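What follows is a set of notes on a single structure, which appears directly below.
The values are calculated or read from the model by the stated rules, or taken from the named source; none is laboratory data. Bear in mind the structure is a predicted one, so any value in this text is a computation, not a measurement. Glycine also receives a Cβ, built like all others from the backbone with ideal geometry; neighbour counts cover every protein chain displayed.
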């Protein structure tokens, strides 16, 4: 066991190996490891982001569905309301029409009655004149007397 | 193969040394006494060869993974490499609270390299040395670099240099000296005492780093060699030795990564302390 120049040789070899390792071995391996770490982190990140996106999409879809349902319900309700309104309007109109018909019918009836009354009156007056002619048995001035008879008929 | 157990053990614990012998000039030492005579200006060829081989293997495999590194689905190799990187990065983040791009790759290199160097121990002690000697070129061949204190001290010296470097870089030269002088006792009277204590503490760091790794590996190696001795002592002893070899190798499943891990963690801790400004 002699201590000799070997010690220096060993030190030099050591220095060279460390230098080589530091220069050519460590950096690429370390860089590859860092990069993979980054990649994995990014992968995990994007996975969680996708998960979040999915959740958001699901939420949105259900929201849209709910809105659509609401809208359809609203439309249905409106339609129902409108139908009811139309029915009401039709009823009202029918009622009005009926009333108007009744009114006109009543008016016609009154008119008819009046006409009948007038006719009756004129017949009665002519009857009265005929009666009076027969009674008096002489012809009277029809013109002069018709005025009188008319007056009478009007008083009837 | 050596004749006596003592020679066998000594043989297995000797490095293949190349250096300038005072009498015979540049040569590969043929005996351990020659290696000792070469003094400081010699190198352990096997230690350097195997440590560099392991370092190159580490960088080759990791570089291959780095070249094909993708942020997509990783393959088997990339998975393995990323596991190592993530483990080391975790340790660094836990211990080192600052920003320094050197620390993590440094820790990774230390951990994997020392692990690979230690793991050479799992190879049975005779295989590769016998193979090397069969070529007739060498007399000694010790393949586990971390059982050579030169290797472990070489590593810890590198760490020591970084400790000093970052201490001065973060605190400034004056700040570093101030820290050494005024901790733990913040009074000028204690400056010599503080300096003694702090410099001792500073020096202890690389020494303990190197000796811990070396001691564990060396002791384990000696036990492997002792076990290997039984293979030449008859059938019964040989079978017993096989069982012990297996048990000891399994035990090293714990020791080998643990020592690599301790060296790495302590390096991070020491450098973290060097970055802390009081």
Practice problem: Out of A:118, A:150, report the one residue that is touching a helix residue (DSSP H, G or I) at 6+ places or on another chain (Cβ under 8 Å) and surrounded by 10 or more Cβ atoms within 10 Å (Cβ to Cβ). | Solution: A:150
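One line per residue, one yes/no per condition, for (1) touching a helix residue (DSSP H, G or I) at 6+ places or on another chain (Cβ under 7 Å); (2) farther than 26 Å from residue B:47 by Cβ; (3) free of Cβ contacts under 8 Å to residues at least 12 places away in the same chain; (4) not in a helix (DSSP H, G or I):
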residue: A:17; (1), (2), (3), (4): yes, no, yes, no
residue: A:29; (1), (2), (3), (4): yes, yes, yes, no
residue: A:33; (1), (2), (3), (4): yes, yes, yes, no
residue: A:36; (1), (2), (3), (4): no, yes, yes, no
residue: A:45; (1), (2), (3), (4): no, yes, yes, no
residue: A:62; (1), (2), (3), (4): no, yes, yes, no
residue: A:78; (1), (2), (3), (4): no, yes, yes, no
Quiz item: Can you name the number of the only condition in (1) assigned to a helix (DSSP H, G or I); (2) over 52 Å from the mean Cα position of the chain (by Cα) that residue A:51 fails?
Solution: (2)
Exercise. Answer with yes or no whether residue B:227 is touching a residue at least 24 places away in the same chain (Cβ under 8 Å) and either closer than 29 Å to residue B:87 by Cβ or buried (at least 16 other Cβ atoms within 10 Å of the Cβ) (or both).
Key: no
Quiz prompt | Answer residue from the range B:175-186, given it is farther than 15 Å from residue B:275 by Cα and assigned to a helix (DSSP H, G or I) and is nearest to the chain's Cα centre (by Cα) among those | solution = B:181
Quiz prompt | Check on residue B:55, more than 30 Å from residue A:41 (Cβ to Cβ) and touching a residue at least 40 places away in the same chain (Cβ under 8 Å) | solution = yes
Quiz item: Which numbered condition trips up residue B:139, out of (1) touching a helix residue (DSSP H, G or I) at 6+ places or on another chain (Cβ under 6 Å); (2) more than 14 Å from every other protein chain (Cβ to nearest Cβ); (3) closer than 24 Å to residue A:6 by Cβ; (4) not in a helix (DSSP H, G or I)?
Solution: (1)
Practice problem: Return a yes/no flag: does the range B:124-131 have any residue that is at pLDDT below 90 and touching a strand residue (DSSP E or B) at 6+ places or on another chain (Cβ under 7 Å). | Solution: no
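Residue by residue, here is whether (1) modelled with pLDDT under 95; (2) in contact with a strand residue (DSSP E or B) (Cβ under 6 Å, 6 or more places away or on another chain) holds:
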| residue | (1), (2) |
| --- | --- |
| A:1 | yes, no |
| A:4 | yes, yes |
| A:48 | no, no |
| A:56 | no, no |
| A:64 | no, no |
| A:71 | no, no |
| A:79 | no, no |
Quiz item: Residues B:30, B:7: which one is surrounded by 14 or more Cβ atoms within 10 Å (Cβ to Cβ) and more than 11 Å from chain A (Cβ to nearest Cβ)?
Solution: B:30
Exercise. Looking at (1) within 21 Å of the chain's Cα centre (by Cα); (2) closer than 18 Å to residue A:28 by Cα, find the lone condition where residue B:76 falls short.
Key: (1)
Self-check item: Selection within the range B:96-110 - in contact with a helix residue (DSSP H, G or I) (Cβ under 6 Å, 6 or more places away or on another chain) and away from every other protein chain (no Cβ under 11 Å)
Solution: B:96, B:98
Self-check item: Candidates B:141, B:165, filtered to the one that is over 18 Å from residue B:13 (Cα atoms) and within 26 Å of the chain's Cα centre (by Cα)
Solution: B:165
Quiz prompt | Extreme residue, surrounded by the most Cβ atoms within 10 Å (Cβ to Cβ), among residues of the range B:33-52 that are touching a residue at least 24 places away in the same chain (Cβ under 8 Å) and more than 7 Å from chain A (Cβ to nearest Cβ) | solution = B:46
